[in-house]
1. So what's segment B:268-316 giving for Rg/Rh, alpha carbon basis, Kirkwood Rh from the mean inverse pair distance?
2. Restricting the calculation to Cα positions, tell me the Rg (one decimal) and the Dmax (whole number) of segment B:285-413 in Å.
3. Rounded to a whole number of µm²/s, how large is the Stokes-Einstein D of segment B:69-132 at 37 °C and 0.692 mPa s, given Rh as the Kirkwood radius over C-alpha pairs?
4. Against the globular-protein guess of 2.2 N^0.38 Å, express the Cα radius of gyration of segment B:263-360 as a ratio, rounded to two decimals.
5. Need one number: % antiparallel among DSSP beta bridges in the protein assembly as shown, to the nearest 5.
6. If you average the C-alpha positions of segment B:110-125 and of segment B:360-413 separately, how far apart do those two centres end up, in angstrom?
7. Go from 0 up to the bin containing the longest alpha carbon distance in the protein assembly as shown, width 20 Å each, and give me the % of pairs per bin.
8. Which distance in Å, rounded to a whole number, links the C-alpha centroids of segment B:30-51 and segment B:333-354?
Amino acid sequence: MPQVKFIEFNGTKHNIDANNGDSIMVTATSNLVPGIDADCGGECSCATCHVLIDAEWQAKLAATSDTEESMLDLNPDRSAESRLSCQIIMSDDLDGIVVNLPEFQY
Amino acid sequence: MSEAVTLTEDPYSIPLEDINVSDPNLFMNDNHWGYFERLRKEDPIHYCEDSLFGPYWSVTKFNDIMEIEKDHNAFSSAGGITLADQPEDFQTVSFISLDPPRHDIQRKSVTSVVAPMNLAKLEPVIRSRAIKILDEVPIGEEFDWVSQVSIELTTQMLATLFDFPFEDRSKLTYWSDMATSGELAGGPTPEPVRRAALLECLEVFTTLWNERAQRDPTEANDLITMMAHNPNTQDMDPMEYLGNLILLIVGGNDTTRNSISGGVYFLDQFPDQFAKVKKDLSLVPTMVPEIIRYQTPLAYMRRRATQDYLIGGKNIKEGDKVAMWYVSGNRDDEVIENPNEFIIDRNTPRHHLSFGFGIHRCMGNRLAEMQLRIVWEEILKRFKRIEVVREPGRIQSSFVKGYTDLQVVVTAK
């Protein structure tokens with residue numbers, strides 16, 4: 001099982017074993033990791049599962065789709081590390097991925 | 001227009017093809033529920049050939065609405081978000097009725113007013129106002145919750161967001177009501193009255209704009225200063241400025257106002273839920289999105305198909321108007337368990353359509369939730385009971401779903 005290392009904005013760490021095929025959003029919400037709202041339930045249409053992933057791990061992820069791009073773009077706090085966690089599907093290649101949670105979702 | 005069909009309480013009293021859920025009277029009389037239930041069962045993507053607004057499609061199920069929300073290329077917002085088309089000689093434009101890229105650029109110019117950092121600053125302001133308003137309501141005697149609490153609180157908030165002269169704030173409520181109650185939208189306000197009110201709104205806000213354009217933008221974070229200094233919005237023409245003002249006034253006013261009133265009404269209808277939240281105040285944050293789902297303060301949003309589109313076995317043609325009925329999708333039992341029940345401790349209470357989804361999703365959704373949370377925290381500190389003494393009056397509109405009055409008697413703790 002690949003592991004996701006969630007880091008809350010206040011520094012609290014949660015190392016969670018993920019199921020292959022689950023999104024990082026589902027991995028967080030089904031393990032009660034706080035900081036991800038996921039209002040739309042994984043449809044890439046609310047942007048409340050915003051996370052920050054550094055360039056090294058980003059290089060291993062599929063590129064953002066047009067839909068993800070348009071949703072991320074509405075967030076004034078967007079940075080180069082911004083992704084929507086419902087769009088990142090876990091696999092063994094992503095074992096150990098570090099996912100930083102923002103201070104707020106909106 | 002052909003002879004209007006009168007829609008009664010019984011949704012099975014007329015043939016399916018005659019159902020026109022855009023009839024404002026249906027909402028004013030609270031008779032829409034059965035019609036939507038019938039459509040979800042028998043004809044979830046429903047074509048209505050003849051209405052006050054011409055022919056249009058109704059999309060009534062949660063997942064179909066989500067599909068359309070997500071596809072902003074196939075379903076355009078240009079030309080407006082209500083079924084009523086704007087008159088040729090009085091057309092306002094706002095970012096909610098634009099497609100990308102202009103939509104994204106204009107929306108971003110004002111988003112920061114509801115950014116989390118700003119909300120944190122607004123919280124104590126909202127709380128002190130809520131306390132004052134709630135401390136002033138009469139105990140043990142009948143009064144109108146809508147005008148005395150809901151309107152006061154949301155209008156004060158709106159005045160703050162615009163840094164609008166506080167003593168004139170009732171103007172904001174008036175313009176908001178005029179903007180959504182026009183006769184062309186099936187409401188009670190004659191078109192000349194609506195236009196005069198909106199032109200007055202534009203005039204007052206133009207004066208404010210000219211003042212704010214001289215202000216140091218780093219020292220002010222109100223919406224007008226933001227728009228006046230942002231290169232993407234500072235050159236808007238008057239009808240575009242007016243359009244965006246109406247969007248921000250209605251979006252920041254009607255919706256939260258009616259959700260505040262709705263919460264009082266629902267907790268009276270579901271006393272077990274009131275008992276539950278009184279016992280456990282930590283349920284307020286999950287009760288708030290449930291209030292917003294149950295109220296659905298905007299009944300639908302409109303799109304126009306930019307291409308032929310097949311959905312649910314129906315062929316929507318390029319150019320057709322499409323209403324996504326949030327009020328119906330929010331009661332779809334395939335997605336929401338026991339949707340007709342008001343349940344304050346649902347597991348995923350934010351999974352509702354009231355804010356829309358996709359790029360036009362409500363920008364102020366967290367501010368709305370915060371206002372409702374604060375109101376309920378303060379209500380529960382003070383009152384043992386808010387008794388609704390008779391059925392509320394409802395707005396004559398199929399777009400703005402809300403209350404004209406809500407008579408209550410409050411019992412102190």
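No value in this document is a laboratory result; all are computed from the given coordinates. All figures in this text were calculated on a predicted structure; none of them were measured in a lab. Glycine gets a Cβ as well: all are built from the backbone with ideal geometry, and neighbour counts include every protein chain shown.
1. Numbers: Rg = 18.9 Å, Rh = 14.4 Å.
With Rg and the Kirkwood Rh in hand, the quotient comes to 1.32.
2. Rg then Dmax for segment B:285-413, in Å: 17.7, 59.
3. Working: Rh = 14.6 Å.
My calculation gives 225 µm²/s for D.
4. On the way: Rg = 16.6 Å, N = 98, 2.2 N^0.38 = 12.6 Å.
Segment B:263-360 yields a ratio of 1.32.
5. Numbers: 34 of 42 bridges.
Looking only at bridges with both residues in the protein assembly as shown, the antiparallel portion is about 80 percent.
6. 21 Å
7. Reading upward from the zero bin: 22, 56, 22, 0.
8. 21 Å
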